[in-house]
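Since every read-out is calculated from the coordinates, none of them should be taken as a lab result. The shown structure was predicted, so the numbers you read here are calculated from the model rather than taken from an experiment. Here the Cβ positions follow ideal geometry from the backbone for every residue, glycine too, while neighbour counts run over all protein chains shown.
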Amino acid sequence: MPGAGLADEIDFERLEAFLKVLATTNRLELLSLLRRPKTLDEIRLTPAASQAAGSPDRAISRQAVQGHLDRLIDVGLVRVASTERKGKRAVQEYALDHARLFAVLEEMRKLSRLESTAAVDPFATESLGEGRPLAWEDGPKVVIVHGVREGRAFPLKASAAKAPRGWIIGRAADAHVPLEYDPFVSTENSEIVKTAEGFRLLDLRTARNGTYLNWNRLPVGGSAPLESGDVIGVGRSLVVFRES
């Protein structure tokens with residue numbers, strides 16, 4: 001059966017648990033709101049259209065918001081931490097767990113790669129609607145092609161590189177190419193440098209899972225020349241290098 005081996009790799013029970021929790025409009029909206037940490041008082045949700053009952057702008061109760069947060073926390077999609085605000089006692093702050101969300105997306109990707117024997121209707125092309133490709137700046141850059149925020153470009157500006165180092169790819173928030181959502185990427189995983197001969201990709205010795213160039217692993221601490229269109233693999237993410 002096509003794709004049977006891949007299907008065996010999918011944890012269907014785990015995926016079902018995530019999808020049951022996410023099958024609510026307010027919880028999906030919460031994940032979007034919690035891209036930046038927020039306290040309970042800073043979260044405002046309105047009822048789903050089917051539940052608005054003529055009051056679409058009315059915020060749902062704190063108790064209801066807390067209930068949604070608790071379900072997301074139970075499956076690990078939201079993290080909670082204690083924080084202090086100016087002039088106030090310590091409060092709980094909630095934030096999206098990018099790494100866990102990325103794991104869920106990876107399970108869904110496995111489903112999308114299962115082969116089908118069903119006939120394809122060549123005339124059933126759907127419209128893209130108002131969607132447009134992201135605008136890129138001129139100059140060298142790397143673009144996420146597999147991960148979270150696919151299509152996002154990170155310009156490699158000379159002003160951003162810290163001499164004598166280049167541009168860091170890693171899980172650190174201050175990395176030039178931050179892949180904080182991928183738990184298999186090290187804090188400082190790889191580095192791109194510009195030399196007199198052109199750009200090079202370096203594997204940093206701090207990279208627990210290594211650095212791949214066009215699906216070939218670099219030696220520990222090694223480097224290789226980069227050309228436009230090359231695919232860089234770090235953790236489970238892929239980024240493409242472009243010189244313009």
Full extension from ARG208 to VAL91: what is 0.36 nm times the residue separation minus their Cα-Cα distance, to one decimal in nm? 38.6 nm
Determine the gain in length on full extension of the stretch ALA172-VAL120; use 0.36 nm per residue of separation and subtract their C-alpha separation, reporting nm with one decimal. 14.4 nm
Could you state the principal axis extents of the C-alpha atoms in the chain, from the largest down, to the nearest angstrom? 65, 62, 36
Taking R0 as 51 Å and r as the Cβ-Cβ distance between THR39 and THR195, the FRET efficiency 1/(1 + (r/R0)^6), rounded to the nearest 0.05, comes to 0.60
Charge-dipole axis of the stretch 164-244 as Lys and Arg at +1 and Asp and Glu at -1 on Cβ define it, positive-most pick from LEU179, LEU204, PRO164: LEU204
How many times 2.2 N^0.38 Å is the alpha carbon radius of gyration of the stretch 141-242? 0.94
The answer for the net charge of residues other than GLN66 whose Cβ lies under 14 angstrom from its Cβ, with Lys and Arg +1 and Asp and Glu -1, is 0
State, as an integer percentage, the relative contact order of the chain based on alpha-carbon contacts under 8 Å between residues 6 or more apart. 13
Between ASN216 and THR187, what is the FRET efficiency for a Förster distance of 41 Å, r being their Cβ-Cβ separation, to the nearest 0.05? 0.95
Take peptides 185-193, 211-219, 119-127 and line them up by average Cβ neighbours within 10 Å, highest first, as a rough protection proxy. 185-193, 211-219, 119-127
Please sort 67-76, 34-43 by packing, taking for each peptide the average over its residues of neighbouring beta carbons within 10 angstrom, highest first. 67-76, 34-43
Among PRO219, PHE154, SER61, pick out the residue whose Cα is farthest towards the positive end of the charge dipole of the chain, where Lys and Arg carry +1 and Asp and Glu carry -1 on C-beta, about the Cα centre. SER61
